[in-house]
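Read the structure below first, then the notes.
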Amino acid sequence: MLGKTNQLSPLESRKQLLIAESELNRARLAEEWQTLTRVVGVIAHRAKVATAWASASALLAGGVSAWRRGSSAPATAKPPWFPKILSGARMASSLWFAFRARGEKAEPN
């Protein structure tokens, strides 16, 4: 045993190389899974915030529309509905973009 060297066969060295590569791939997959979990959490949080703001904006737009409508028109006349929808959509979009820009500045990444 004194003159004998401990050499690996090509098959054994290939096997060890594949095992090491698998361990690296497992570690990389675990990191990517954690990153994906964080990103999904951030997206879910932003969706909740956007839903809350959209709901509040819709309530505000409905309240403003009802307040502006009043009862000045006669009961038999039909009010024009298309301009009111456009006006409400304009107001909602301006609120949406204002709150969205404000929310992006406030949230740390």
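The values are calculated or read from the model by the stated rules, or taken from the named source; none is laboratory data. Being a predicted model, the structure only gives us computed values, none of them experimental. Using ideal geometry, Cβ is built from the backbone for each residue, glycine included, and neighbour counts are taken over all protein chains shown.
In the range 1-50, which residues are charged (D, E, K, R) and free of Cβ contacts under 8 Å to residues at least 40 places away in the same chain? Once the filter is applied, which keeps residues that are charged (D, E, K, R) and free of Cβ contacts under 8 Å to residues at least 40 places away in the same chain, the range 1-50 yields Lys4, Glu12, Arg14, Lys15, Glu21, Glu23, Arg26, Arg28, Glu31, Glu32, Arg38, Lys48. Total residues in the range 63-109 satisfying the condition of being modelled with pLDDT of 70 or more and either in a helix (DSSP H, G or I) or within 30 Å of Gly41 (Cα to Cα) (or both): the figure is 26. Look at Leu29 and say whether it is modelled with pLDDT of 80 or more and loosely packed, with under 11 Cβ neighbours inside 10 Å. Yes.
For (1) among the small types (Gly, Ala, Ser); (2) in a helix (DSSP H, G or I); (3) under 15 Å from the mean Cα position of the chain (by Cα), each residue gets a yes or a no:
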| site | (1), (2), (3) |
| --- | --- |
| Glu12 | no, yes, no |
| Leu17 | no, yes, no |
| Glu21 | no, yes, no |
| Leu29 | no, yes, no |
| Thr35 | no, yes, yes |
| Val39 | no, yes, yes |
| Ala44 | yes, yes, yes |
| Ala61 | yes, yes, no |
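Residue pairs whose Cβ atoms lie under 9 Å apart, separated by 6 or more positions or on different chains, with the first residue in the range 51-65 and on the phi > 0 side of the Ramachandran plot and the second exposed (fewer than 11 other Cβ atoms within 10 Å of the Cβ), do not occur.
Condition check for Ser22 on (1) at negative phi; (2) modelled with pLDDT under 95: one failure, at (2).
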